[in-house]
Amino acid sequence: MSYELKPWHEIPVGSIVPEAGSSKVNKTGSWRMLRPVLNYDKCTHCLICWIFCPDDSIPVSPKERFETDFDYCKGCGICAVECPYNALEMVPEMEIKLKELEEQLG
Amino acid sequence: MAQKKVIALTGNQAAAEAMRQINFDIAAVYPISPQTELMGFFAEYVANGEVDTEMIAVDGEHSAMAACIGAAAAGARVITASAGPGIAYMVENLYVASGMRLPIVLLDVNRALSAPLSIHCDHADSMLTRDTSWISLFSENAQEAYHNIIMATKISEKALFPIIVNYDGYIVSHSIEDVEILDDETVRNFVGPSDIHRIPYPLLDVKKPVTYGATAQPDYYTECKYQQHVDFLKVYDIVREVFNEFAEIADVKYDFIEEYKTEDAEYIGISMGSSFGTLKDVVDILRNQGKKVGAIKIRLFRPFPVKELAEALSNAKGVAVLDRADSFDGIGGPLFKDVSTAVMMSQNRPFIHNFIYGLGGREVKEEDFLKAFDRLERLEKGIETRDRFVEYLQVRE
């Protein structure tokens, strides 16, 4: 992520952040060690995972759960614990990344 | 024109009276001796509807400061009070309050720290706040505590730094003195109305949402602290400005330090808080014996009036720093090291020695300070020698 570094005298007093939405700018998904992988065959779209997600990273419609927003999902695993249908499996991020890399390289 | 009346009050009553007159929006407190009585008096004002203050009884001092931080960030005028171990428990949040640049008034009714447990006065609690970037004022008596609280409210809001007003537990807090009280209107006009826009980013201004307490990564933390550093240096001028404004309503001109017979003094004693009266008496006794001695009281402890003190000590031969707390660091008491810095910056760099006194409420007598002046003079003249900079004044052998 690149952004302009302000000099000391341009920082708002008290080191506050003077506008809303800083949690959107900072993509905290980069911290993730484990990724919740959704098994769509088991998912009933009960939306319990959406209720429990502390980072609001599960996009839903009134009837449907969509794929987790991995820009912000920190991989805490609460969704996997709370899912009544065991539809979520926490998979090490490194395994997934390595797999993706292998596919890219052919 | 300000109306004044002189009434008999304890330090805690005088402080509660200042709090009533200022009419803080929020007081978040947890009781601890010798502060409990102060908040008891103030709770009566709240219960009787004499103030608009919302008093929040919290579960500890750490929470008291947390509540103050939240309320101050919202834009409220906020006060809390504590003592000794309560201040210790608050310390983490003291840094949060100053880092967020929130005006908050904290009354520290000075008390010793455990162990052994002591509810009585020394300055160890306040010394925990030395490096917290809080402004700190020391009061000699109930009158000064009353005045300091009124001035502190204004200083804190102008400087956007929280402020501590210290007064000695029991010695000041529970002793009755004549206190000159200003009328309510004068005090309220002096501090001005409480408006959320006194601070630049009030959380209650919902049209301009802001984040308090965000993370600063290594690429920003230094700049945040440097801004705090630069702004804390501006506090000197703000304190002087408010002291001058206060002189117009109270007919008393305060300064960062108070000098007593220092003009031609060869030996100067320095103390803070209630013991300064005793120190002045000792100066008078020694002056009657023909000795050129003087005394200095530190009123503004943070930021430390290092330039003013360097100037005041420039012509002295010897300085006795009287510390009401020990640092246990192999050097000396906390005040000793601050005064040593001033001595380094003074013209003649007088000889300096440190005495620790009055711990855990030990009564301070004239003979104690006479002993300090005597030892200082003998050391300075080379009649006696020392193997360390710091000595205890009142130890039973």
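A straight Cα-to-Cα reach below 18 Å connects A:Lys6 with the aspartates and glutamates A:Glu19, B:Asp219, B:Glu223, B:Asp231, residues fewer than 8 places away in its own chain not being considered.
As a proxy for reagent exposure, ranking B:Val235, A:Val60 by other Cβ atoms within 10 Å from fewest up yields A:Val60, B:Val235.
Under the combined filter of DSSP loop state and at most 12 neighbouring Cβ atoms within 10 Å, the range B:288-397 retains these chymotrypsin sites (Phe, Trp or Tyr not before Pro): B:Phe328. Using a simple spin-label model with pseudo-atoms 7 Å out from Cα toward Cβ, A:His9 and A:Lys99 lie 5.5 nm apart. Taking a straight line from the alpha carbon of A:Lys63, not one of the aspartates and glutamates sits under 15 Å away once near neighbours fewer than eight places off in the same chain are left out. Taking a Cβ cut-off of under 12 Å around B:Leu38, the surrounding Lys, Arg, Asp and Glu residues balance to a net charge of -3, with basic ones at +1 and acidic ones at -1. Could you please report the charge total around B:Val306, scoring K, R as +1 and D, E as -1 over all other residues with beta-carbon less than 13 angstrom from its beta-carbon? Around B:Val306, the surrounding residues sum to 0. Were the residues from B:Glu245 through B:Lys207 laid out at 0.36 nm apart, the gain over their Cα-Cα distance would be 10.2 nm. Here the range B:326-397 is described by how far its Cα atoms reach on the three principal axes: 36, 27, 22 Å, from widest to narrowest. Taking loop as defined by DSSP and a crowding limit of 15 other beta carbons within 10 Å, which trypsin sites (Lys or Arg not before Pro) in the range B:183-290 fit? Those satisfying the criteria are B:Lys207, B:Lys234, B:Lys253. Could you compute the net charge surrounding B:Asn189? Neighbours are other residues with a C-beta less than 13 Å from the C-beta of B:Asn189; K and R count +1, D and E count -1. Spelling it out: positives minus negatives among the neighbours equals -3. For the range A:1-38, the residues whose backbone nitrogen is under 15 Å from a point 7 Å from the Cα of A:Asp71, taken along Cα to Cβ, are A:1-2, A:21-31. A simple charge model with +1 on the Cβ of Lys and Arg, -1 on the Cβ of Asp and Glu and nothing else charged puts the dipole of chain B at about 820 debye relative to its Cα centre. Taking N as the residue count of chain A, its C-alpha radius of gyration divided by 2.2 N^0.38 Å amounts to 1.36.
For the range A:13-106, applying the loop criterion from DSSP together with a ceiling of 12 other beta carbons within 10 Å to the GluC sites (Glu not before Pro) yields A:Glu19, A:Glu64, A:Glu67.
Rounded to the nearest 5, the antiparallel percentage of DSSP beta bridges internal to the range B:257-392 is 20%.
Take the Cβ atoms of B:Asp264 and B:Arg386, set R0 to 25 Å, and the FRET efficiency comes out at 0.45. Looking at this model, which pairs from B:Lys5/B:Lys261; B:Lys154/B:Lys234; B:Lys297/B:Lys337; B:Lys234/B:Lys337; B:Lys253/B:Lys317 are more than 26 angstrom apart at the alpha-carbon? Check vs 26 Å cut-off fails for B:Lys5/B:Lys261; B:Lys253/B:Lys317. Stokes-Einstein D for the range B:29-140 at 10 °C, 1.306 mPa s, Kirkwood Rh over Cα pairs, in µm²/s? Using the Kirkwood radius from Cα pairs, D works out to 111 µm²/s. At 7 Å along the Cα-to-beta-carbon direction for both B:Lys4 and B:Asn348, put a label point, then send me their distance in nm to one decimal. Output for this residue pair reads 3.6 nm. The value of relative contact order for chain B, using C-alpha pairs under 8 Å at least six residues apart, is 16 percent. Short to long, the 10 Å bins of the Cα pair-distance histogram for the range B:257-392 hold 13, 49, 35, 3 percent of all pairs. Using a simple spin-label model with pseudo-atoms 7 Å out from Cα toward Cβ, B:Leu370 and B:Glu50 lie 4.4 nm apart. Shown for the range A:1-49 is the translational diffusion coefficient from the Stokes-Einstein equation, using the Kirkwood radius over Cα pairs, a temperature of 20 °C and a viscosity of 1.002 mPa s: 140 µm²/s. Stokes-Einstein diffusion for the protein assembly as shown, with the hydrodynamic radius set to the Kirkwood value over Cα pairs and evaluated at 4 °C in a medium of 1.567 mPa s, equals 50 µm²/s. Can you tell me what percent of all Cα-Cα pairs in the range B:136-214 are more than 22 Å apart? Percentage above 22 Å: 42.
Dipole orientation for the protein assembly as shown: of the candidates A:Ser57, B:Val252, B:Ile383, B:Ile383 has the Cα lying most toward the positive pole (charges on Cβ; Lys, Arg +1; Asp, Glu -1).
Among B:Val321, B:Val109, the ranking by other beta carbons within 10 Å of each residue's beta carbon, starting with the fewest, stands as B:Val321, B:Val109. Considering only B:Leu300, B:Ala2, B:Ile270, the residue lying farthest towards the positive end of the dipole of the protein assembly as shown is B:Ile270, judged by Cα position with unit charges set on Cβ. Sorting B:9-15, A:27-33, B:361-367 by average packing, meaning the other beta carbons within 10 Å per residue, from highest down gives B:9-15, B:361-367, A:27-33.
Taking Cα centre as origin and charging only the Cβ of basic (Lys, Arg, +1) and acidic (Asp, Glu, -1) residues, the dipole magnitude of the range B:173-223 rounds to 540 debye.
The residues B:Tyr167, A:Tyr85, B:Tyr220, when put in order of fewest to most other Cβ atoms within 10 Å, stand as A:Tyr85, B:Tyr220, B:Tyr167. Considered as an equivalent ellipsoid built on the Cα gyration tensor, the range B:4-250 has semi-axes of 27, 21, 18 Å, the largest given first.
Each reported figure results from applying straightforward, stated rules to the coordinates on display, with no laboratory input. Being a predicted model, the structure only gives us computed values, none of them experimental. Positions of Cβ are generated from backbone atoms using ideal geometry, with glycine treated the same way; all protein chains shown enter the neighbour counts.
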